[in-house]
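Worksheet for the structure shown next.
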Amino acid sequence: MTVDGNPVKLTSHEYRLLSYLMHHAGRVISRTELVEHLYDRISTGIRTPSKCRGAHRKKLGVEVIQTVRGLGYLLAPPGDGALIP
């Protein structure tokens, strides 16, 4: 994955979260739906979507995932920071 031509390393969970949101672009995804997609029910020590969202912001330098209060998460529309999977 690159941002403005610079390579960015994501953990498998971070990548899966971003990939899922990209496949459902324009749709608000609930926290429950993300957790069910990202983790099997017996996982322990899971990183919540909000923690992954913070890691994305830190690593990518752009606000890629928006929180829709009370509803879930939404992939932000493309802006100046060109994100390429």
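Every number in this text was worked out from the coordinates using simple rules, so none of it is lab data. Remember, predicted model here, so these are calculated numbers, not experimental data. Cβ atoms come from the backbone with ideal geometry, glycine included; neighbour counts cover every protein chain shown.
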Worksheet entry | Amide H partners (placed H, <5 Å) of residue 65, local residues excluded | 76
Response to the item:
Counting sequence-distant residues (5 or more places) and residues on other chains, those with an amide H built under 5 Å from that of residue 30 are 73
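Where in segment 1-42 are there chymotrypsin sites (Phe, Trp or Tyr not before Pro) that are in a DSSP coil and have at most 10 other Cβ atoms within 10 angstrom of their Cβ?
Here no loop site has a sparse enough neighbourhood.
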